[in-house]
Amino acid sequence: MAKARTSPLRSGFVHLALIIYTLIALFPVFLTVINSFKDRASIFRNPLGLPDAKSFSLVGYESVLKQGDFTLYFQNSLIVTSVSIFFVLLFGAMAAFALSEYRFRGNALTGLYLALGIMIPIRLGTVAILQGMVATGLVNTLTALILVYTAQGLPLAVFILTEFMRTVSDDLKNAGRIDGLSEYSIFFRLVLPLVRPAMATVAVFTMIPIWNDLWFPLILAPSDATKTVTLGSQVFIGQFVTNWNAVLAALTLAILPVLVLYFLFSRQLIRGITSGAVK
Amino acid sequence: MSTADYTQSDTGQDKRTRRWHILVFLLPAVIVYTAIMILPLIETLRLSLFNEVDGHSVFVGFGNFQTLFGEPRWSASFWNALRNNFVFFLIHMLVQNPIGVALAALLSVPKLRFGAFYRTALFLPTLLSFVIVGFIWKLILSPIWGVSPYLLDLVGLKSLFAPWLGRPDTALITVSLISVWQNVGIPTMLIYASMLSIPEEVLEAAECDGITGWSQFWKIKLPLILPSIGIISILTFVGNFNAFDLVYTVQGALAGPDGSTDILGTLLYRTFFGFQLQIGDKSMGATIATVMFLIILTGVCIYLFAIQRRMRRYQF
């Protein structure tokens, strides 16, 4: 039986197809990174060549670091993303616990109400969101972005975590109750540690769209002090359209943090995605 | 069974005491979600029925919609954006999702070597921001740099090269394919997950009946992953009909050349926020957002009532 599944010809074909697509997926990134380390002439003369002693140049990075305020943008993105994820996970898990653990009137309705946001994108409310942020003086603050992203992430978080929390053994929670734990301790001390894998999944699903979002930073917080990396590189690269060294260097600098994080966490990340969808 | 007993005794016990903790657990999420998402959405729908006259907000009924559909300038750009958006969606459905299913099928081959490496590599573009993806492809497709003519030359297709992003007849397809390149990781991973969840016994039973390889995919796996394909289709639909970032990065807010890549998201941005000579118009912005809301709602309803109900869910 095992033989039927792994004939050498078939597995050769499988690998060939996967390698081709892997090349398609990685090549553009690779091309950008290698060319960012070359001088202008070599970028055009030999775009596919690796930078060597003759063509190596950091002139692009010099102009980027001189002019762009990338550390600040990076810091803004980091604050917005991590604080939003924290609130999405905390509020989402709390609501999911209430929905999965207790029977009360309106339980199903609340669940449905919170799930609406999975399908209806928050962007459609932008007109009124901007109005509200102007009215409360939150325009051009990171708080505005954090609020929006928390609201945006909650529906999916509640949905996934509710499903997951239903699988937590009732015996355990009731044992806790008999031992005199309050409902809050049961949630924080017993249930939260058990749903950590699901929390990781939710964190991933929440993180990617927040880190990459251009719409809300562009509309709610376009000031220089609150630009995120995504908006910052958009504006910055836009100014340098003809300076190829600078553009390639800026792109590489924008990719690097994602690459590093991804290679550190890719296993957990993908395991999280697949296990989350299976459960 | 013991589970049910416990839950019941639970509620019985709790009914005597007021269960404030339920409210405490629920409130933060409900408040944030309602205040930042639901109320603005309702307010936007309401705003679409009003217009500014002499600095005052005046109820105009469906007047804004009449302007949008009736006035030639508005209706031309609206229908153009809607049509482009459908093409955008269609390309995702025809290219992105089949590639996603195919990659997932390849990844789920048992005892696949380097599986973790492939999964990591395939998912990488999805993590990059639209800005990075947009600019990278803009550079690669640029006739000034010449990377793509050079690559096409390697396979003898140099004559096919054209400044695809700059020509009205090819720009939309090119942008859609860039978006496909970026997003293909999502259907791949979701389908991969649902393929992993097919129990071994089912596949073994199929093998005992002599159904292997290709026909096993078509006859056993594909029917079992249909619900996931349904979910991916509706996710693609919702994502595509509120897409904005990639077009904005690659082609700018005007979604050129000549509006050929204009989709509803970019139209909403220009209308609401203004661009260059055009002044931002809150009421018309809200009107377009409302139309987008109705389109997405229709899609979601078709999915929920027509597609999902007919799909059989298999319990293992």
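Couple of notes before you dig in:
- Positive-end residue of A:257, A:198, A:247, charge dipole of segment A:176-266 with Cβ unit charges: A:198
- Taking the longest Cα principal axis of chain A as reference, the axis of helix A:107-119 is set at about 10 degrees.
- Annotation for segment B:128-177: chymotrypsin sites (Phe, Trp or Tyr not before Pro) lying in DSSP loop with at most 16 further Cβ atoms inside 10 Å of their Cβ are B:161.
- Between B:95, B:58, B:180, the Gaussian network model of chain B with springs among Cα atoms under 10 angstrom shows the greatest mean-square fluctuation at B:58.
- Under 5 Å from the amide H of residue B:274 lie the amide H atoms of B:280, B:281, each residue being 5 or more positions distant or on a separate chain, with H modelled from the backbone and absent for Pro and chain starts.
- The Rg/Rh ratio for segment A:2-64 is 1.31, where Rg is the radius of gyration of the alpha carbons and Rh is the Kirkwood radius.
- Within the shell of other residues whose beta carbon sits under 14 angstrom from the beta carbon of residue A:42, the net charge comes to +2, with Lys and Arg scored +1 and Asp and Glu -1.
- Note on A:163, B:71, B:200: ascending count of other Cβ atoms within 10 Å places them as B:200, B:71, A:163, the fewest first.
- Residues whose amide H lies under 5 Å from that of residue B:60, counting only those 5 or more places away or on a different chain, are B:50, B:51; hydrogens are built 1.01 Å from N in the peptide plane.
- Using R0 = 25 Å, the C-beta based FRET efficiency linking residue A:45 and residue A:235 works out to 0.25.
- Cut-off under 5 Å, modelled amide H: who pairs with residue A:38 long-range: A:57
- Within the straight-line cut-off of under 20 Å between alpha carbons, the aspartates and glutamates reachable from residue B:138 are A:39, A:213, B:153, B:169, B:245, B:258, B:262, sequence neighbours fewer than 8 places apart in one chain being disregarded.
- For the protein assembly as shown: Kirkwood Rh in Å [reciprocal of mean 1/r, alpha carbons]: 26.1
Throughout, read-outs are computed from the coordinates displayed, never taken from laboratory work. This is a predicted model, so every value here is computed, not measured. With ideal geometry, Cβ positions are generated from the backbone for all residues, glycine too; neighbour counts draw on all protein chains shown.
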